[in-house]
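Chemist: Supplied in structure tokens, the structure appears directly below.
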Amino acid sequence: MEYSFREIEKNWQRRWKDGNTYRTTENPAQPKYYVLDMFPYPSGAGLHVGHPLGYIASDILARYKRHRGFNVLHPMGYDAFGLPAEQYAIQTGQHPAVTTEQNILRFREQLDKIGLSYDWHREVKTCDPGYYKWTQWIFLKLFHSWYNNKLNKTEDIAVLTGIFGKTGNMDVSAACDEDTPSFSAEEWKSFPEKKQQEILMMYRIAYLSEAFVWWCPALGSVLANDEVKEGVSERGGYPVERKKMKQWSMRITAYAQRLLDDLEDIQWSESIKEAQRNWIGKSEGASVKFDVRGTEYSVEVFTTRPDTLFGVTFITLAPEHELVEKITADEQREKVNDYVQYAKARSERERQSEVKKITGAFTGAYAKHPFTGEEIPVWIGEYVLAGYGTGAVMGVPAHDTRDYSFAKHFGLIIKQVINPGKAWDFGKEAYEEKAGKCLNSSFLDGKEVKEAITICIAALEKQGIGTGKVNFRLRDAVFGRQRYWGEPIPIYYKDGIPCPLSEAELPLELPKVDKYLPTETGEPPLARAKEWKYKGQYDYEHTTMPGWAGSSWYFLRYMDPKNPDAFASKKAAEYWREIDFYIGGAEHATGHLLYVRFWTKALYDLGFIPVKEPAKRLVNQGMIQGTSAFVYRKNGTNTFVSAGLRNNFQTTPFHADVSMVEGNELNIEAFKLWREDLKDATFELENGNYIVGNEVEKMSKSKYNVVSPDDMCEKYGADTFRMYEMFLGPLELSKPWNTNGITGVHGFIKKLWKLYVGEASGIKVEEEKAEAKELKVLHKTIKKITDDIENLSLNTAVSAFMICVNELIELKCNKRDVLEPLLILLSPFAPHVCEELWEKLGHQESITRAPWPEFNASLTAEDTVIYPVQFNGKTRFNLELPSSVSKEEIEKAVLAAEHTHKYLAGNTVKKVIVVPKRIVNVVF
Ligand code: ANZ
């Protein structure tokens, strides 16, 4: 009986679906395990073989955990809002919902073919109003919340207004806007409603403010920091610029310290943790105030080295700094304006790169050194970023390389600060001259930098010149997009005040629009819906939520996906808690994975969920690259030369579609039919074949190297495809796809099949008890596969199966005792064939929940032989040795044995007679 994988796989996929095999319900009597894949954006291109790598790995784990008795939650869904569907809508007028639905169907079809054990009853789509109702609900909760720094906790805004009414905000320690004014309870009560609302906005976790944002003119939208890579938009690579706009934001910075600290408690890869630490970018130092001469203003700088204060010879502001306009002297105004214009158009990366030419402009203003009273010039320079620290630095050219270059370039004073102690470089001269006023040399001399900084901060604070300050690189997250295809923000405007919808009014559904473009006046597309107004009269907010909104909580919705009354019932949230195992691409390190941690903490603080972190364990699968195929056209001709001949000619390589290549040979007929201009092409062959060149590149349509999982499943079957994906190499590494290798894995499954099934007669398994050597092969494999799955070393598990099957074939073993447990071990990897054989072995129930085989160490122990050891024919002691050792090794072991020395009594050994498996005689 043949292994006919097409029928087998179709049949089982249907039976799993009809029988609800993977449906999961809460069962308090059973331990839970939550395995989650980062859900995909359903793009029009469908899946290529790189996408399922993570899905297959997590599916193996999910299936394994089911065998181990866990109640496994393993769902899938779609991150369905996003730009490509909207761009397509702009071009074609097709509603993005339609395109998205088509793409989802295609994804689903592809996923089904791979035999993934998802509970599809729990599918979520972020663009469903039933889903985004709850995204909007969370937004409202965050709008109605503030961050209490004293308790380190998100709290209801009503708590804050309560405090304001009693004691004003003097004693409040909260995450709030820098320019939040101070007021007493009386003042608070006397403020008109509008003013009160403006003040509360400075505290809300979801808030509206005027802020610098990345504006991408080509995309017509604001982008978040993590959507800007190397100074251009991540999607499309368009230029971006800094622009001040009124924007909804999320106060993620309130959580910075917790986002750092809690990394210690989760089992995530060190590289992701490090990426998050860098992104959060904690730095400790001080802020110091410099008064600007002849004005009421002062410049506040952030420095990590307050101990270098005496070396300050100038101050540099970011060109966008709000003081620039106010303090610039008339005679410098033109120069300064020109410079500001110039800097605006430059990306952050360009501005900070080391090799760039030094640029800047003098404002004509001077500030006063807080200790020495000296006048120091105030400059503007693009190397100072507006969005970091205070957007201003104190220039210490003798101790900071960027300041040094700046001072050199513009001929500014460089004041050497002599190191009075060891590593500390506070200016001795300056210090001796001036410091008596504030600092005493005896306790700074010889201090390490760290300690000196602490002392200096104390001195600054005492004098009221500055304060110690912890600064985070992390910025609040922009939350509005000037786009159509996203969740509407549940806010309307009444008399200029942004008002939240009530929960009962959710979902606020996307209105229909005639076009998906901004209005003529540059308003976002939602402004086209003229009739779309709250209570028929108030404008709704016209921006929509960013892509990360729906994905920041989706793991919770899977717990109770259809619940109309809550994002998830308390019961479900308390049972499933958090993700036990999360897998996805490393590109989400500082975007999605920070946002989801942030929302989880906020929801936890507010008492809606029982966990502070979304995922206990996180793994990033590597990328699968494509192996591109190249053909070589002789320049100026339509003749192609085979790869081995190409150096004999002037040729130009170009990509050939990998579907036209078998082994490394080009299918010339298919190639000629590929494009009109190739139909008359001629070829120069090697040994009768056209050999293509190869190169490993990103898998992409434009490189014609995309291999689709559907083709692989059709040709070799899903079981082979699944195992081959794992066999390619360690899960977390990137590796190239190579279709050639897949036949080896296919051959393995065929061999396995033959262990169970005879030529004509069907199943051939015997009921006889298995022998020790057969059980040994089995138990070695149980141990190896169990360890490998636990460690996610899935490639070595595949090799272990191959070894196991070869050994069983060699032993001609077809005993049920061995072959049945082997199926359970293999079923997470190759579920279809295992189900089929399991049924053939007489089981009526699916293999899915069959208990995992118990490893029995005693069955894998090496066989041993007990050797009586004789000395000149007299037996003196026994020695136990593995039965597999050679004659030479036995002799060595006997001579090295502890008692041998005693019985030889100083004599030299003449001969050692070894009778393998029987006896040893030492003759002297
Ligand atoms: C004086 C000084 C002397 C500094 C010295 C460093 C060394 P991190 O560690 O990244 O936080 N800085 C502050 N704000 C800046 C901005 N908006 N754009 C560019 N540079 C800025 O770096 C903090 C240091 O970077 C600060 O400490 C400041 O330079 C600079 F020997 O102040 B330092």
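Chemist: I'd like to check something: does segment 508-527 contain any residue that is among the hydrophobic types (A, V, I, L, M, F, W, C), under 23 Å from Trp599 (Cα atoms) and open to solvent by less than 20 Å² (accessible area, probe 1.4 Å)?
Modeler: Yes - at least one qualifying residue is present in segment 508-527.
Chemist: Considering each of Thr796, Thr864, Thr786 in turn, give the residue that is β-branched (Val, Ile, Thr) and open to solvent by 60 Å² or more (accessible area, probe 1.4 Å).
Modeler: On inspection, the qualifying residue turns out to be Thr864.
Yes/no per residue for (1) closer than 30 Å to Pro500 by Cα; (2) touching a residue at least 40 places away in the same chain (Cβ under 8 Å); (3) part of a strand (DSSP E or B):
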site	(1), (2), (3)
Phe212	yes, yes, yes
Trp215	yes, no, yes
Asp226	yes, yes, no
Arg242	yes, yes, yes
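Chemist: Right, another one. Before we move on, is Val378 modelled with pLDDT of 90 or more, open to solvent by less than 20 Å² (accessible area, probe 1.4 Å), in contact with a Leu (Cβ under 7 Å, 6 or more places away or on another chain) and closer than 21 Å to Lys408 by Cβ?
Modeler: yes
Chemist: Looking only at segment 472-507, filter to residues that are of a type in the set (Lys, Arg) and within 31 Å of the chain's Cα centre (by Cα); which one of those is most open to solvent (accessible area, probe 1.4 Å)?
Modeler: Among those residues, the one meeting the criterion is Arg473.
Chemist: Looking only at residues in segment 439-452 that are open to solvent by 30 Å² or more (accessible area, probe 1.4 Å) and hydrophobic (A, V, I, L, M, F, W, C), which one is modelled with the lowest pLDDT?
Modeler: The qualifying residue modelled with the lowest pLDDT is Phe443.
Chemist: How many residues, within segment 305-325, are of a type in the set (Ser, Thr, Tyr) and more than 9 Å from the ligand (Cβ to nearest atom)?
Modeler: 1
So that you can scan it fast, the table gives a plain yes or no per residue for (1) within 28 Å of Arg849 (Cβ to Cβ); (2) of a type in the set (Val, Ile, Thr):
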residue	(1), (2)
Ile60	yes, yes
Arg63	yes, no
Asn71	yes, no
Leu83	no, no
Glu123	yes, no
Pro129	no, no
Ile138	no, yes
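Chemist: So, one more: Taking the stated definitions as given, is Phe81 touching a strand residue (DSSP E or B) at 6+ places or on another chain (Cβ under 7 Å) and closer than 29 Å to Asp514 by Cα?
Modeler: no
Chemist: Test Asn689 against the stated conditions and say whether it is more than 30 Å from Lys764 (Cβ to Cβ) and over 30 Å from the mean Cα position of the chain (by Cα).
Modeler: Yes: the conditions hold for Asn689.
Chemist: Just one of Pro507, Pro546, Pro511, Pro518 is more than 21 Å from Ala206 (Cβ to Cβ), in a loop (DSSP other than H, G, I, E, B) and touching an Asp or Glu at 6+ places or on another chain (Cβ under 9 Å); which is it?
Modeler: Pro511
Chemist: Taking Tyr297 as the residue in question, decide whether it is of a type in the set (Phe, Trp, Tyr), at negative phi, away from the ligand (no atom under 16 Å from the Cβ) and more than 24 Å from the chain's Cα centre (by Cα).
Modeler: Spelling it out, Tyr297 is indeed of a type in the set (Phe, Trp, Tyr), at negative phi, away from the ligand (no atom under 16 Å from the Cβ) and more than 24 Å from the chain's Cα centre (by Cα).
Chemist: Hey, another quick one. If only one of Glu686, Glu695 is among the acidic types (Asp, Glu) and open to solvent by less than 70 Å² (accessible area, probe 1.4 Å), which one is it?
Modeler: That would be Glu686, the only listed residue that is among the acidic types (Asp, Glu) and open to solvent by less than 70 Å² (accessible area, probe 1.4 Å).
Chemist: Restricting to segment 116-174, give me the number of residues that are among the basic types (Lys, Arg) and either under 18 Å from Ile252 (Cβ atoms) or in contact with a His (Cβ under 8 Å, 6 or more places away or on another chain) (or both).
Modeler: Total satisfying the criteria: 2.
Chemist: Hey, does segment 751-774 have a residue that's in a helix (DSSP H, G or I), closer than 25 Å to Phe727 by Cα and in contact with a Ser or Thr (Cβ under 8 Å, 6 or more places away or on another chain)?
Modeler: For segment 751-774, residues in a helix (DSSP H, G or I), closer than 25 Å to Phe727 by Cα and in contact with a Ser or Thr (Cβ under 8 Å, 6 or more places away or on another chain): absent.
Chemist: Kindly evaluate Lys357 against the criterion of being open to solvent by 10 Å² or more (accessible area, probe 1.4 Å), within 14 Å of the ligand (Cβ to nearest atom) and at negative phi.
Modeler: no
Chemist: Let me ask you something else. What strands (runs of 3 or more DSSP E), lying completely within segment 836-924, carry at least 1 residues that are free of Cβ contacts under 8 Å to residues at least 40 places away in the same chain?
Modeler: 864-871, 874-882, 911-915
Chemist: Here's another thing I want to ask about it. Being part of a helix (DSSP H, G or I) and under 28 Å from Glu541 (Cβ atoms): is that true of Leu259 here?
Modeler: Answer is yes for this residue.
Chemist: Kindly indicate which of Arg557, Arg473, Arg483 is modelled with pLDDT under 95 and either over 27 Å from Leu385 (Cα atoms) or of a type in the set (Asp, Glu) (or both).
Modeler: Residue meeting the stated conditions: Arg483.
Chemist: Among residues belonging to segment 371-381 that are away from the ligand (no atom under 14 Å from the Cβ) and not acidic (Asp, Glu), point out the one that is nearest to Tyr297 (Cα to Cα).
Modeler: The extreme case among them is Val378.
Chemist: Do you know which of the residues in segment 382-406 that are more than 9 Å from the ligand (Cβ to nearest atom) and at pLDDT 90 or above is nearest to the chain's Cα centre (by Cα)?
Modeler: Only one residue fits best here, namely Glu382.
Conditions tested, residue by residue: (1) touching a Gly at 6+ places or on another chain (Cβ under 6 Å); (2) open to solvent by less than 30 Å² (accessible area, probe 1.4 Å); (3) over 19 Å from Gly480 (Cα atoms).
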{"position": "Lys243", "(1), (2), (3)": "no, no, no"}
{"position": "Lys246", "(1), (2), (3)": "no, no, no"}
{"position": "Ile252", "(1), (2), (3)": "no, yes, no"}
{"position": "Gln257", "(1), (2), (3)": "no, no, yes"}
{"position": "Asp261", "(1), (2), (3)": "no, no, yes"}
{"position": "Ile266", "(1), (2), (3)": "no, yes, yes"}
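Chemist: What are the residues in segment 26-54 that are within 21 Å of Gly591 (Cβ to Cβ) and either open to solvent by less than 40 Å² (accessible area, probe 1.4 Å) or touching a Leu at 6+ places or on another chain (Cβ under 7 Å) (or both), if any?
Modeler: Residues satisfying the conditions are Leu36, Asp37, Met38, Phe39, Pro40, Pro42, Ser43, Gly50, Leu53, Gly54.
Chemist: Moving to a separate point now. Across segment 524-537, what is the number of residues that are in contact (Cβ under 8 Å) with a residue 24 or more places away in the chain and under 35 Å from the mean Cα position of the chain (by Cα)?
Modeler: Counting residues in segment 524-537 that are in contact (Cβ under 8 Å) with a residue 24 or more places away in the chain and under 35 Å from the mean Cα position of the chain (by Cα) gives 3.
The values are calculated or read from the model by the stated rules, or taken from the named source; none is laboratory data. Just so it is clear, the model here is predicted, and its values are computed rather than measured. Reconstructed Cβ throughout: ideal geometry from the backbone, glycine too, with neighbour counts over all protein chains shown. The accessibility values were calculated without ligands, DNA or RNA, using every heavy atom of the protein model including side chains. Shrake-Rupley method; radii C 1.70, N 1.55, O 1.52, S 1.80 Å.
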